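Chemist: Below you'll find the structure I mean.
What follows draws every value from the coordinates through simple rules; no lab data is involved. Since this is a predicted model, take the numbers as computed values, not measurements. All Cβ positions, glycine included, derive from the backbone under ideal geometry; neighbour counts span all protein chains shown.
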């Protein structure tokens, strides 16, 4: 029998681990709760009605249809791990392995206030994106029906000034001013107030101060109000209270402030404060060299929780299994990009730091390049070109809200 490699999770890390093993003499089983790979960096575009879910998702079976050593793709969730007997519990079944790669990523964290999730959705899954999109679009509809409460209903608060928060805030302002500006009879969508709240002293804290300041300036040019050094102490269905005591009434609050590792990490070994697994230099679990943890679930000093790092970690784990050589993992920082809006972005690529249209174009080219499948690249590029020329957003369908048709959920219409 050939060695059995089980990969849990088909995100960037899991996908690249499997591809690194494509010529290895092993049998690969891929397990995921979803039947698709999600291009998460563009998830905010689904949330902001610029793209459809199917534009950034690709079926796992299609990804690996030509890789002969991928012998099984299982739709299921790992509920238990028996490291001593090298067995996983997947739903009600057992799956045995000789090598295990765990790449289940992270979800949003509310820093001990899980009750905020009901009123301030985060953004990690397609369902999250559709929920966020529905709440944003519904806010304009409710303001049209209740003009007396329009000021509050058309106030949007984004909590968290990292890349996701900056992207959401910029896209919200563009929706209000351009996409919806001429379509309502009673209220004026362009009067919407978008507020970005960040707890540290600047947006995009991982970037150098000059780029953070550029991002703040570009957001303010769009019309976004940026509040830094502003910690949130309370969120309810009518707005946000800051630690300073300031109250901001709002119709919609979106969460982009923090992440925590998948709970599967606690089954594998020692974890850090964020729930990430402490791994050996080669990304294996100490005491279990046959088990690797990669991507956002791995705690590796100096390695950020970004897609390029996850891809490199997945490829490294695959190479170790394929070659048997226990080389330590070294992260190669290829740079960072964050988009802010139409022709607005910041970039830090190998010491070259720039902003505005050149950074936005670089962001566009890189994201198109990494999208899987010709269809996805074509439709995303065509959609962006149309949006750039016309300011229109074609994915403005409200789904999943009370009173809406249950037939319009994610399961029945992924393009909805």
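Chemist: Can you bin the range 1-55 into rounded, prolate or oblate? Criterion: square roots of the alpha carbon gyration tensor eigenvalues sorted a ≥ b ≥ c, rounded for a/c under 1.5, prolate for a/b above b/c, oblate for the rest.
Modeler: Verdict is prolate for the range 1-55.
Chemist: Using per-residue counts of other Cβ atoms within 10 Å, averaged over each peptide, order 141-154, 48-61 from highest down.
Modeler: 48-61, 141-154
Chemist: Hey, what number do you get for the chain at 222 nm if only DSSP H runs of n ≥ 4 count, each worth -39500 (n - 2.57), divided across all residues, to the nearest 500?
Modeler: Per the formula, -8500 deg cm²/dmol.
Chemist: In percent, what relative contact order does the range 279-344 have, based on Cα pairs under 8 Å that are 6 or more apart in sequence?
Modeler: Result for the range 279-344 is 31 percent.
Chemist: Over the chain, what is the relative contact order in percent, taking alpha-carbon pairs closer than 8 angstrom and at least six residues apart?
Modeler: It comes to 20 percent, rounded to a whole number.
Chemist: Could you please state, rounded to a whole Å, how far the C-alpha centre of the range 309-385 is from the C-alpha centre of the range 204-265?
Modeler: 24 Å
Chemist: Indicate the gyration tensor shape class of the range 72-117 (rounded, prolate or oblate), computed on the Cα atoms with a ≥ b ≥ c the square roots of the eigenvalues: a/c under 1.5 is rounded; otherwise a/b larger than b/c is prolate and the rest oblate.
Modeler: prolate
Chemist: Give me the distance in nm between label points sitting 7 Å out from Cα along the Cα-to-Cβ direction at residue 71 and residue 365, one decimal.
Modeler: 4.3 nm
Chemist: Got the relative contact order for the range 198-290 handy, in percent, Cα pairs under 8 Å and 6 or more residues apart?
Modeler: Computed value for the range 198-290: 15 percent relative contact order.
Chemist: Here's something else I'd like to know. With Kirkwood radius over Cα pairs in Å in mind, check [x] 22.4; [y] 21.7; [z] 32.3 and report the label derived from this structure.
Modeler: It is the one labelled [x].
Chemist: Another question about this same structure. Zone of residue 220 (label point 7 Å along Cα→Cβ, backbone N under 16 Å): which residues in the range 230-272?
Modeler: 230, by backbone N distance to the label point.
Chemist: Compute the distance in nm between two label points, each set 7 Å from the Cα along the Cα-to-Cβ direction, one at residue 241 and one at residue 23.
Modeler: Placing both labels 7 Å beyond Cα along the Cβ direction yields 6.2 nm.
Chemist: Take the Cβ-Cβ distance between residue 270 and residue 185 as r, set R0 to 45 Å, and report the resulting FRET efficiency rounded to the nearest 0.05.
Modeler: It comes out at approximately 0.15.
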